[in-house]
Amino acid sequence: QGVVRRGVSVESLQEFILSQGASRNVVNLEWDSFWAINKAAYEPHALRLMAIEKQGMCELELTNVPQYDDEGVHAIIAPRVPKDPSLGERPVRVSRKILLEGEDVATLKAGDEVVLVRWGLVKITSIDGTKLTGTYDAEATNFKKKKALSWLAMSPCDCPPNGDLVPCTLVEYDYLLAKPKLEENDSLEEPGVLTPVSKVETPALADPMLKLISVGDVIQLERRGFFRVDVPWRPRKDPQTGDVTMQYPRLIYIPDGKPQHKVPFSRLPSAAK
């Protein structure tokens, strides 16, 4: 149950075991090759959504989309899985104001052209702290060599604090051991043997469609990676008082075999090395 909760596909684990062949030798294997096989099992069918880290998020206002000024809900249609249209489509909500990753905005300057994933090309016209303005180019078709950004449309409703965007927690686990192999004389109390910080939780906002995802489902957050739903979104009623509160999703990151410093938006200390 523990490894499945971590995002391990049982079929991928069986495939990996069989690929090693029969042997009486005791061998130590790196996890990286298994995680790559595991990712391939989810790639063809995992629903694509987007999420933005709460801390440092920025607001981009598009100044040339008057059709979105009516405070209504607007959406474009995108495939659930871009490489396989047969799996159906999903709505991607759009708006005059959108949220961006602060880490992405730190790399931008006025005049840059960027691609909003699943939407289109935007030219940044000004940057003032966490506030940006830009213009949307509906005719653009050449997105090569343009920086791609994940984003979320700000909710048209005034429900505090984030409208119908879904607050969630992105959970990352690191290896418990800080070294590839324990030697005979190693002690767990020695510095450098155990990973000092092996778990990090990142508050984020996600696409409203996350409300429809069940526990155990695996999704891909665009530009972040694959996540398993550990706790789903659902209302909870207190049996004593009758008060209803929301249970917000917790998503566990599934490694894909990349070195930690190459994992996008990772907040584990080992990612900074």
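Looking at region 87-168, I'd like the Rg to Rh ratio, where Rg is from alpha-carbon atoms and Rh is Kirkwood's inverse mean 1/r.
Numbers: Rg = 13.6 Å, Rh = 14.0 Å.
Ratio of gyration radius to Kirkwood radius: 0.97.
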Query raised in the report: What accessible area, in Å² to the nearest ten, does a 1.4 Å probe give for Thr130?
Result: 80
Requested in this report: Calculate, for the chain, the solvent-accessible area per residue in square angstrom, rolling a 1.4 angstrom probe over the heavy atoms of the protein chains.
Outcome: 58
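Pick out, in residue order, every one of the trypsin sites (Lys or Arg not before Pro) in region 40-148 that is DSSP loop and has at most 11 other C-beta atoms within 10 Å; say none if there are none. Present the calculation step by step, with values, prior to reporting the outcome.
Values: sites: Arg48, Lys54, Arg80, Lys83, Arg93, Arg96, Lys97, Lys109, Arg118, Lys123, Lys131, Lys144, Lys145, Lys146, Lys147; in loops: Lys54, Arg80, Lys83, Arg96, Lys109, Arg118, Lys144, Lys145, Lys146.
Passing sites in region 40-148 are Lys83, Lys109, Lys144, Lys145.
In region 1-121, carbon and sulfur make up what percent of the accessible area (probe 1.4 Å)? Please report the intermediate quantities before stating the final value.
On the way: 3630 of 7020 Å².
Taking all protein chains in place, region 1-121 shows 52 percent carbon and sulfur surface.
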Query raised in the report: So how tilted is helix 10-20 from the main axis of the chain? Cα-based, degrees 0 to 90, rounded to 10.
Result: 50
Report summary line: Rounded to the nearest 10 degrees, the helix 32-42 long axis (Cα) sits at an angle to the longest Cα principal axis of the chain of 50
Report summary line: Reduced to Cα centres, the span from region 172-242 to region 128-143 in Å works out to 33
Report task. For Met209, tell me the accessible area in Å² from a 1.4 Å probe, rounded to the nearest 10. Result -> 30
Report task. Can you figure out the FRET efficiency of Ser198 with Val27, using R₀ = 22 Å and their beta-carbon distance, to the nearest 0.05? Result -> 0.35
**Report entry** Segment Leu176-Asp164, extension gain: residue separation times 0.36 nm, minus the distance between their alpha carbons
**Finding:** 0.6 nm
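The values are calculated or read from the model by the stated rules, or taken from the named source; none is laboratory data. Please read these numbers as outputs of a predicted model, since none were measured by experiment. As a convention, Cβ positions derive from the backbone with ideal geometry for all residues, glycine included, and neighbour counts pool all protein chains shown. Protein only, heavy atoms only, side chains kept; ligands, DNA and RNA dropped before computing areas. Shrake-Rupley method; radii C 1.70, N 1.55, O 1.52, S 1.80 Å.
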